[in-house]
Each structure stands twice: as C-alpha cells, then as structure tokens.
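Data first, discussion second: the structure below is written as structure tokens.
The values are calculated or read from the model by the stated rules, or taken from the named source; none is laboratory data. Remember, predicted model here, so these are calculated numbers, not experimental data. Because the Cβ atoms are built from the backbone with ideal geometry, glycine has one as well, and the counts that use them run over all protein chains shown.
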Amino acid sequence: MGLFSFLARGHSRAAPTHDRSSHRPDTAAAGTPGALSSGAITIFGADKRIAALVPGTGVAVTALPYIIGRVPEDDEDVSRQPIGLFLRDDKPYRLSRRHFAIVRRDGQYWVLDGSSHLGTVVNGHTIGRKFGRDAATLQSGENQVVAGGPGSEYVFRIVLG
C-alpha cells in the first residue's frame, strides 16, 4: 500500500501553513487522531548535513502519520498532507515533497515511501515504487533511514521507545 493510499484511509489532518524559508519541525497537537505519548518516536540527524538541521535533542514525533519531505518550490502544490519536517534540497532533487512517512499499522511502526523516484533505505532495505515494496517496519530502539536512496546525504536515526 502506498503512502497516499494509506493516508487516504481516514488518517488525514488539516493542511498546514507552509514556511518555505527553511526546514522546520512541525508536529500536530497531541489531541489529534494518531497522537503518540511523549518519547515514543524521536528523529535525529545521522549525517552531518541533517544533524545541522535537526536539533541535537532530536524531533519528537507527537502524531502519526509523520511525513518528511522537501521544501516545495513556489509553483508546487502543497495542498495534501502536512509535512512534519521540511528539508531543503537543490535540483536535481534527491528528496520528494512527501518523501516518506512514519505510520502505525497492525501494532507496528512502519516507514512508507511516498512513491519517491530514488527510494528510501530503512535499516539497509530499500523501499519505493521501483524496489518491489513501499513499506518497511521499524524496530524497537535505533533505526537508520536514508531518504533519497543509497548514497544520499539525507540520513536519519529514528529511535523508537
């Protein structure tokens, strides 16, 4: 199941106000559907470039789905699901506007690739429309997620629990 078909199954939230000036953590309020307890999921930058963009204490995910994507250009549609974490990327883009999402399904946390062109690597396994599957489970503890395919500098450490 793709990211957008999963999100279309009643897991949407109101559209955000987009700040194109920089990346910014923007999590939903705790009372929204899919709210998480504090400390359940934290996102850190695992690469120098991402570590410079994400606070050293990480970004606490407070509601699911939590989407990470590229800051949209002025002429790009931003009307779909809100982005939890915006990241700048220059052409040719490695990141999609809605590159991947963290979701909870069947009692497990998953990373869903948003039909990106280059895929997402989750704990060494590449997912995406060109790779035969679009989702991978996250394990308890530390996980490595690389947005933009193998060799990308968009490397995250996602900690569960």
Members of segment 68-120 that are in contact with a Pro (Cβ under 9 Å, 6 or more places away or on another chain) and free of Cβ contacts under 8 Å to residues at least 60 places away in the same chain: GLY84, ARG97, LEU118, GLY119
Flag for PHE156 being touching a helix residue (DSSP H, G or I) at 6+ places or on another chain (Cβ under 8 Å) and on the phi < 0 side of the Ramachandran plot: yes
Quick check on segment 56-67. Is at least one of its residues assigned to a strand (DSSP E or B), closer than 15 Å to TYR154 by Cβ and touching a Lys or Arg at 6+ places or on another chain (Cβ under 6 Å)? yes
Scan segment 126-143 residue by residue and report those that are touching a strand residue (DSSP E or B) at 6+ places or on another chain (Cβ under 6 Å) and either over 11 Å from ASP113 (Cβ atoms) or among the aliphatic types (A, V, I, L, M) (or both). ILE127, ALA135, ALA136, THR137, LEU138, SER140, GLU142, ASN143
Members of segment 75-108 found to be surrounded by fewer than 22 Cβ atoms within 10 Å (Cβ to Cβ) and among the aromatic types (Phe, Trp, Tyr), listed by number: TYR93
Filter segment 131-152 down to the residues that are surrounded by 14 or more Cβ atoms within 10 Å (Cβ to Cβ) and of a type outside the set (S, T, N, Q) and list them by number. PHE131, ASP134, ALA135, ALA136, LEU138, GLU142, VAL145, VAL146, ALA147, GLY148, GLY149
Reported set for segment 41-84 where residues are at pLDDT below 90 and polar (S, T, N, Q) is SER79, GLN81
